[in-house]
Amino acid sequence: MERILFYIIAAIMIVFALATVTSRKVLRAVMYLLFVLIGVSGIYFLIDYSFLGAIQIVVYGGGVIVLFIFSVLLIHHVELELEVTPLKKKIIAGLLSAAGLGITLWAIITYPFKAVNTSQPIEVSEIGNKLLSYGDGGFILPFEVISVLLLAVMIGAIVIAKGKKLGKGVSRKEAGAQNEN
Amino acid sequence: MIEGISIYEILSLSSILFFIGIYGFFTRENLIMVLMSIELILNAAAVNFVVINTYLYPDFLQGAIFSIFIIALAAAETALAIAIIINLYKLVTSVEVKDTEVMKY
């Protein structure tokens, strides 16, 4: 049962990931990306890590995708189509990524992983204890660093997105000086 | 771990996702689409962390916790990059990669 579910999710993810990078309509590409991200959260649920699956749906399905949709609507018309990438570039990029994929798959398949056959779900309480623990293997320092980083990003995004529009009389230097104030 | 699925299959899936993201990163000419390819790459990396944690070292939690950090970083990076893209659109009225020669003004 779980095996069949995994294969269905994997097929959906690969098809929609390909659609994301090849679709010429921006808004549709964003929706395809949403399917891929929800597929990733499905993988997390299958591995018995429900907490991260929920986080994935909340952060990506609820936050990042909405941010993408807003920026697309602010910048493009809904029906605007992207420029066609030159065929030569497509072929070179396709060959490069196919070669990289081949090497990576070869390395994975030939490496003898010593998989353990005990299955135990990851509990939320353990994660919370680890994140706030000062002892060995505790993650209090990265946790604090991430929170400072999120604060800095919040302020930075507000300051950057508020930048003045370049009018006819305003030179680039003046606009820069206004932004710094 | 998933019943009947070995670690090789999940690692193959995540590397396929990773290289689809790389392909999009190379071919797309629009900054938002480049950012979406980066999201694909980061998600593949996070799946790898969780899978290697649960299949090879189920007694530890390092991979599980680092995937939370990856998600936080990806969200922060997306918010900042979209702010930069919107500001850039105000300046040069374009979000194509070839038009963004001036990032500093």
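Any read-out appearing in this document is the output of simple, stated calculations on the displayed coordinates, not a laboratory observation. Predicted, not measured: the structure shown is a model, and the values here were computed from it. Because the Cβ atoms are built from the backbone with ideal geometry, glycine has one as well, and the counts that use them run over all protein chains shown.
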inquiry  = Quick check for you: which residues of region A:104-133 have the amide N under 20 Å from the point 7 Å beyond the Cα of residue A:48 toward its beta carbon?
reply    = A:114-130
inquiry  = For q values of 0.16 Å⁻¹, compute log₁₀ I(q)/I(0) with the Debye formula on a Cα-only model of the protein assembly as shown, without solvent.
reply    = -1.29
note = Out of A:13, A:31, A:154, a Gaussian network model of chain A with alpha-carbon springs under 10 Å gives the largest mean-square fluctuation to A:154
inquiry  = Residue by residue through B:61-67, how many Cβ atoms from other chains fall within 10 Å of the Cβ on average?
reply    = 6
ask   = Using a Gaussian network model of chain B with C-alpha springs under 10 Å, which one of B:30, B:43, B:87 is most mobile by mean-square fluctuation?
value = B:87
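Distance cut-off 27 Å, Cα to Cα: go down the list A:90/A:162; A:88/B:90; A:89/B:90; A:90/A:114; A:25/A:88; A:25/B:98 and report the pairs above it.
On the way: A:90/A:162 36 Å; A:88/B:90 32 Å; A:89/B:90 29 Å; A:90/A:114 38 Å; A:25/A:88 21 Å; A:25/B:98 19 Å.
Over 27 Å apart, Cα to Cα: A:90/A:162; A:88/B:90; A:89/B:90; A:90/A:114.
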query = How high is the FRET efficiency from residue A:150 to residue B:59, r the C-beta distance, R0 30 Å, rounded to 0.05?
reply = 0.50
Cα shape, region B:7-99, gyration tensor, a/c 1.5 rule = oblate
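Relative contact order of chain A, please, whole-number percent, based on alpha carbon pairs below 8 angstrom and at least 6 residues apart. Could the numbers behind the result be given before it?
Working: 107 pairs, mean separation 27.8, N = 181.
Once normalised by length, the contact order is 15 percent.
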query = In the P(r) worked out for region A:1-147, what percent of Cα pairs fall beyond 26 Å?
reply = 49
key: region A:87-98 - phi-based ³J(HN,Hα) in whole Hz, Karplus 6.51/-1.76/1.60, Gly and Pro as x   = 4, 4, 4, 4, 5, 5, 5, x, 5, 4, 6, 5
ask   = For the pair residue A:141 and residue A:28, how long in nm is the line joining their label points, each one 7 Å along Cα→Cβ?
value = 4.9
request  = Please compute the net charge surrounding residue A:123, taking Lys and Arg as +1 and Asp and Glu as -1 over other residues with Cβ under 12 Å from its Cβ.
outcome  = -1
Among A:33, A:87, A:46, residue whose mean-square fluctuation peaks in a GNM of chain A (springs only between Cα atoms under 10 Å) = A:87
message = If you fit an axis through the alpha-carbon atoms of helix A:26-46 and take the longest principal axis of the Cα set of chain A, what angle between them do you get, 0 to 90°, nearest 10?
response = 30
task = About the Cα centre of region A:1-82, how large is the charge dipole given +1 on each Lys and Arg Cβ and -1 on each Asp and Glu Cβ? Please answer in debye to the nearest 20.
result = 140
query = ³J(HN,Hα) across region A:132-145 via Karplus (A = 6.51, B = -1.76, C = 1.60, θ = phi - 60°), whole Hz, x for Gly/Pro?
reply = 9, 8, 8, x, 5, x, x, 10, 5, 5, x, 4, 5, 4
key: Charge dipole (chain B, unit charges on Cβ, about Cα centre) - positive-most of B:22, B:85, B:62   = B:85
key: Net charge of Cβ neighbours under 15 Å - reference residue B:59; Lys, Arg +1; Asp, Glu -1   = -2
remark   = The farthest towards the positive end of the charge dipole of region A:1-92, of the residues A:84, A:13, A:58, given +1 on Cβ of Lys and Arg and -1 on Cβ of Asp and Glu, is A:84
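About the Cα centre of the protein assembly as shown, what is the dipole size in debye to 20, counting +1 per Lys and Arg Cβ and -1 per Asp and Glu Cβ, all else neutral? If you can, show how the numbers build up before the last one.
Values: 19 positive and 20 negative charges, 250 e Å.
Rounded to the nearest 20 debye, it is 1200 debye.
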task = Ignore the peptide's own chain and count Cβ atoms of other chains within 10 Å of each Cβ in B:54-60; give me the average, rounded.
result = 5
request  = Distance between Cα centroids, region B:62-105 to region A:1-48: provide it in whole Å.
outcome  = 23
key: Value at 222 nm in deg cm²/dmol, rounded to 500, when DSSP H runs of n ≥ 4 in chain A each add -39,500 (n - 2.57)   = -22500 deg cm²/dmol
query = So what's the angle, to the nearest 10 degrees on a 0 to 90 scale, between helix B:31-56 and the longest Cα principal axis of chain B?
reply = 10
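Rounded to the nearest 500 deg cm²/dmol, what is the calculated helix-only ellipticity per residue at 222 nm for chain B, with -39500 (n - 2.57) per DSSP H run of length n ≥ 4?
Values: 3 runs with 78 residues, N = 105.
Result for chain B, helices only: -26500 deg cm²/dmol.
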inquiry  = Rounded, prolate or oblate, given the Cα gyration tensor of region A:1-82, with a/c below 1.5 counting as rounded?
reply    = oblate
